[in-house]
1. Could you tell me which residue of segment 197-206 is least open to solvent (accessible area, probe 1.4 Å), considering only residues that are assigned to a loop (DSSP other than H, G, I, E, B) and away from the ligand (no atom under 13 Å from the Cβ)?
2. Show me the strands (runs of 3 or more DSSP E) entirely contained within segment 36-152 in which 1 or more residues are of a type in the set (Phe, Trp, Tyr).
3. Could you tell me whether ALA59 is within 14 Å of the ligand (Cβ to nearest atom) and open to solvent by less than 50 Å² (accessible area, probe 1.4 Å)?
4. Scan segment 221-251 residue by residue and report those that are under 26 Å from the mean Cα position of the chain (by Cα) and part of a loop (DSSP other than H, G, I, E, B).
5. Before we move on, is GLU230 open to solvent by 60 Å² or more (accessible area, probe 1.4 Å) and more than 18 Å from LEU345 (Cβ to Cβ)?
6. Only one of LEU334, LEU340, LEU353 is crowded, with 22+ Cβ neighbours inside 10 Å and either under 21 Å from the mean Cα position of the chain (by Cα) or small (Gly, Ala, Ser) (or both). Can you tell me which?
7. Given the options VAL122, VAL136, name the one that is touching a Leu at 6+ places or on another chain (Cβ under 9 Å) and within 16 Å of the ligand (Cβ to nearest atom).
Amino acid sequence: MSTTATAIRTFDYLEGYAAIEDEIVAAVREVLRSGSLILGPRVAQFEEHFADFLGGGHAVGVGNGTDALAIALRALDVGPNDEVITVANTAIPTVSAIRMTGALPVFCDIDPQTWLIDLSRVEECITPQTKAIVPVHLYGNAVDMPRLMQLAAHHGLSVVEDCAQSCGTTWQGRATGTFGDVGCFSFYPTKNLGAYGDGGCCVTRNKALAGRMRRMRMYGCAAPNDCRGEGVNSRLDELQAAILDVKLQHLSDYLERRRAIGAWYREHLPSSVRMPLVADEVDASYHLFVLASGQREKLMRHLSAAEIGSAIHYPTPIHRAPGYQFLGYGPGSLPVTERLAGEILTLPCYPELPYEAVRRVCSVIDDALAQ
Ligand SMILES: *Cc1c(COP(=O)(O)O)cnc(C)c1O
């Protein structure tokens, strides 16, 4: 008799929600009874707590992670005629945000070991139009920020860190998002700190810059009808802020679980699959657990047959997406990025995923590769 194993999803928030439902519902009820729904005390409080969690600075809550990046870039005076260096193996929004400023994204290839921006190739991408660099701490790993900041300072460039996947990741104990001019976070439900809806945040140590971003999220206004510059409407709302404040209290537990899952995968996956190098200085947060294999399609077939979810982050590097052909990057223009895109595979990873599930995923992969 065979026992039917339960399906394993790549991501599931319901179990995590059930564990804190009482706290969440109480927080939501309090907001609804408070009479304040937009830019009230809960956003301010969450901003303070989130900045503290990262080790200081000013946090500015915004509508989502894409807006966080666009607002940060605009506050740093990035606009049309400027170029912004980033990578093509990222979520589309990294590039959408750059385009929202009118600037042109310039793609740097990635390091074959870390799968992150190749710092030895950044200088080749710099032109007189270059204004900023957007490193992406993909999958919860971290770019060598001390080295990147040195390079940026040498060339007079601004740095906006895309921390949408690296909330809680540190480099030599210091949080990602606190090295660059601005660190941008997403609170999309799947992220390490996920809202129950959209949300995002810009973090900076520069008080004047924080003020600019604060105005920019509200039509450029310092107070109602006190317009100091151009802006947008992109606010973190009181409900999501209250929810995030509850979840922030559990974040170190969530991160601990993600790190354990990352370690289990690394221990039990067969040596024939590749995994991104995590530098000694990095404490990765394992937002996504991603491997690379020349036999990806076979692995996906076997996982799916065993009712195990898997995904690809991301199947098409941005420079090869139909929507970005106007940038003019042909096939082969970013060889490391393109090769990897054909081999990466994302395995289930979320705080409530039990050890037995990770073992089952690994054994299915083991069996598939043995065939
Ligand atoms: C999720 C994500 C974003 C965008 O965040 P949203 O809140 O969905 O706008 C940006 N960059 C990366 C790398 C992401 O993973």
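The values are calculated or read from the model by the stated rules, or taken from the named source; none is laboratory data. Note that the coordinates shown come from a computational prediction; the quantities given were computed from them, not determined experimentally. As a convention, Cβ positions derive from the backbone with ideal geometry for all residues, glycine included, and neighbour counts pool all protein chains shown. Accessible surface is based on the protein model in full, side chains and every heavy atom, while ligands, DNA and RNA are left aside. Shrake-Rupley method; radii C 1.70, N 1.55, O 1.52, S 1.80 Å.
1. Going through the qualifying residues, I end up with ASN206.
2. In segment 36-152, 104-108 are the strands (runs of 3 or more DSSP E) which contain 1 or more residues that are of a type in the set (Phe, Trp, Tyr).
3. Criteria not met by ALA59.
4. Here is the first cut: in segment 221-251, the residues under 26 Å from the mean Cα position of the chain (by Cα) are 231-251.
Correct list: GLY231, VAL232, SER234, ARG235, LEU236, GLN249, HIS250.
5. Values: open to solvent by 60 Å² or more (accessible area, probe 1.4 Å): yes; more than 18 Å from LEU345 (Cβ to Cβ): yes.
Answer is yes for this residue.
6. Values: LEU334 fails: either under 21 Å from the mean Cα position of the chain (by Cα) or small (Gly, Ala, Ser) (or both); LEU340 fails: crowded, with 22+ Cβ neighbours inside 10 Å.
The unique qualifying residue is LEU353.
7. VAL136
Results for (1) out of contact with any Leu (no Cβ under 6 Å at 6 or more places or on another chain); (2) more than 14 Å from the ligand (Cβ to nearest atom); (3) not in a loop (DSSP other than H, G, I, E, B), shown as yes or no for each residue.
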site: GLU161; (1), (2), (3): yes, no, yes
site: CYS167; (1), (2), (3): no, no, no
site: CYS184; (1), (2), (3): no, no, yes
site: ALA210; (1), (2), (3): yes, yes, yes
site: ARG215; (1), (2), (3): yes, yes, yes
